[in-house]
Structure formats: C-alpha cells, structure tokens
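One structure is given here, and the rest of the page talks about it.
Each value in this text was obtained by applying a stated rule to the coordinates, not by laboratory testing. The structure displayed is predicted, hence computed values, not measured ones. Counting neighbours? That spans all protein chains shown, and the Cβs are built from the backbone with ideal geometry, glycine included.
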C-alpha cells in the first residue's frame with residue numbers, strides 16, 4: 001500500500017513484560033500518544049504491566065485483542081514474538097499492526113523503542129505503508145485445538161520426548177511430494193523464512209513471494225533439502241513415530257497431538273497487515289540484521305553497492 005494513509009483515529013496498545021531500563025522510553029511514547037488526538041486503549045495484561053511500573057493513567061481504557069476491530073491500528077511493544085501473538089489473536093481481522101522493538105533482533109518489530117516517540121507523530125498522520133503478509137492455517141479433523149490456528153511464521157510438526165526420528169509424509173493437492181525421516185518438518189511462510197526455517201538451513205524468501213518452504217528438521221537422508229512450492233493449494237501431512245504423541249507448533253503456540261497425526265495446511269483467507277516505515281526495504285533489513293556482505297576477514301562491507309570500512313594494508 002501507499003506510504004501516505006488517512007490519519008489514525010484510534011490505537012490499541014499491546015505488550016507483555018516491561019523492563020525497568022525501558023521505562024523512560026515508555027514514558028516518552030505514552031506522553032506523545034496521550035497528547036495526540038486519538039482514542040487510546042490497552043490490552044488488559046499490558047494495562048496492568050504499565051500500572052505496576054507507574055506508567056498507568058486513571059483515564060486509560062483496557063480491553064482485549066478480540067475487541068481490536070474497533071481500532072485503526074495496533075501497536076505492539078516487545079519483540080517478534082509479541083507481533084506473532086497479535087497476528088494469531090486478530091484472527092484475520094484487517095487491522096494493521098506496528099511492532100515497536102524493545103529487544104534486539106527484530107524482523108517484524110522493526111521500530112526501535114528509542115526512536116518510537118520521535119516517529120509515532122508522523123505515523124499517526126498517516127506516513128506509513130502496510131505490507132500484506134501471507135498466513136497459513138491448520139485444519140486438524142476430529143481434534144479440538146481451539147480457534148487460533150493461524151500462523152504468520154510457520155507450522156511445525158516434530159518429535160516430542162523421544163530420541164528417535166519421526167516419519168512425515170507430505171502431499172499437495174493429492175500429489176505426493178516427499179516422505180521425510182527427521183526430527184520434524186517446518187512449513188514456513190515467506191515471513192517465517194528468516195525465523196526457525198532459516199536456522200535449519202532454509203532459504204530467505206522475499207515477503208512478496210507467493211510461496212512457502214517445506215524444510216525438514218535434521219533429516220536422516222542427506223539429499224532431503226528445503227523445497228520452495230507455491231503458496232496456493234492444500235498440503236496433506238501425516239506424521240508418525242515410536243511415541244504415542246507428537247508436537248504441533250503454530251508460531252509460538254504448541255499443542256500435544258496423538259500419533260499418527262493427519263492434518264492439512266492451506267493459505268489463510270486473509271493476510272496479516274504489517275505496518276512498515278516509509279523507505280524500509282526487506283532486502284536492506286535482512287542485509288543489516290544478518291550482516292550480509294560483511295567480510296570479517298577484511299573488516300569492511302558492501303553498502304549500496306559501495307565498499308566501506310578499512311582496507312587491509
């Protein structure tokens with residue numbers, strides 16, 4: 001979407017733990033937001049956390065993410081995990097989310113907390129862009145896992161407490177793809193390609209790509225490598241092992257399921273709306289956060305096609 005949008009009329013703030021070192025930055029952010037001409041509310045747990053740190057206000061309203069449909073934007077305070085939690089709880093509602101990073105490495109929560117008070121006024125005026133990020137959903141017949149079965153990063157099935165491998169068979173639209181002997185299998189979105197899948201040797205996928213990654217975890221066969229396939233379609237997955245149960249993870253949520261486990265994975269009906277600052281580029285973000293182009297042997301890197309740093313004498 002464009003970098004200029006209609007001004008924000010209402011905000012819902014969500015977060016978890018507040019570190020004492022971040023209190024001054026929180027105070028600055030809240031001062032800016034409370035002075036702005038917007039309706040402001042906080043999720044219940046975050047409201048309590050702010051009050052415990054002396055940052056609450058008697059006029060603050062508390063509600064749940066389930067009520068987020070009433071707001072023009074959600075601000076999350078924390079790391080990528082907080083954004084993932086928000087994405088799942090919004091359940092496909094078309095509300096843009098801006099992640100304010102109070103931690104270190106963040107691909108989804110990309111606005112650093114120290115910069116938030118300075119940047120937020122322009123965001124409230126509409127100076128931001130919204131990226132549509134594909135989500136996946138799980139259909140687990142005859143098993144009640146609840147209603148929050150959408151993933152922004154990945155869906156994973158893996159062994160539970162035993163050392164032996166499991167067998168995971170995967171088909172797409174009825175066409176057999178592969179049978180993996182491994183510790184498990186990751187089904188990753190482009191957004192999740194820089195998360196768990198990347199640590200298991202998977203490729204980085206641009207979020208505009210209409211694709212997903214099938215990535216086995218510690219496969220027994222050396223020729224089993226990550227496979228990139230189209231996002232559209234239905235994956236039929238069957239997993240079994242020596243244990244009576246397996247683990248199914250949907251982003252940060254884990255479920256114990258009986259083995260053999262049979263379920264389907266397909267694209268969610270609606271994407272997740274991620275707020276980005278004007279000028280932010282995915283490739284540049286990946287290059288900066290993963291130190292791509294940095295040559296530790298020579299102490300210089302490539303930025304914008306130009307070599308920078310110190311040359312060896």
* Asked: Just for the chain, what percent of DSSP beta bridges are antiparallel, to the closest 5?
  -> 75 percent
* Asked: Quick one: if the Förster radius is 25 Å, what FRET efficiency do residue 63 and residue 115 give, using the C-beta to C-beta distance and rounding to 0.05?
  -> 0.40
* To do: With N denoting the number of residues in the range 165-301, provide Rg(C-alpha) divided by 2.2 N^0.38 Å, to two decimal places.
  => 1.20
* Over the range 10-127, with a single point scatterer placed on each C-alpha, what log10 of the ratio I(q)/I(0) does the Debye formula yield at q = 0.09, 0.11, 0.14, 0.17 1/Å? -> -0.20, -0.30, -0.51, -0.79
* **Full-stretch length increase - residue 240, residue 256 - with 0.36 nm per residue and alpha-carbon distance subtracted** => 4.5 nm
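If you count, for each residue, the other Cβ atoms within 10 Å and average over each peptide, how do 60-67, 80-87, 155-162, 209-216 line up from highest to lowest?
So the order, starting with the most tightly packed, is 80-87, 209-216, 155-162, 60-67.
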* Take the Cα coordinates of the chain, assign each an equal point scatterer, and use the Debye formula without solvent to give log10 I(q)/I(0) at q = 0.08, 0.10, 0.13 Å⁻¹. => -0.42, -0.64, -1.00
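Using 0.36 nm per residue of separation minus the Cα-Cα distance, give me the extension gain between residue 181 and residue 28 in nm, one decimal.
Full extension of this stretch gives 49.9 nm more.
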* Take the Cβ-Cβ distance between residue 289 and residue 221 as r, set R0 to 35 Å, and report the resulting FRET efficiency rounded to the nearest 0.05. => 0.65
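Report the FRET efficiency, 1/(1 + (r/R0)^6), for residue 144 and residue 122, where r is their Cβ-Cβ distance and R0 is 41 Å, rounded to 0.05.
The pair residue 144/residue 122 has a calculated efficiency of 0.35.
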* **Dimensionless Rg/Rh of the range 105-148 - Kirkwood Rh, Rg from C-alpha atoms** => 1.23
* In Å and from the alpha-carbon atoms only, list the Rg and Dmax of the range 122-228. => 16.2, 55
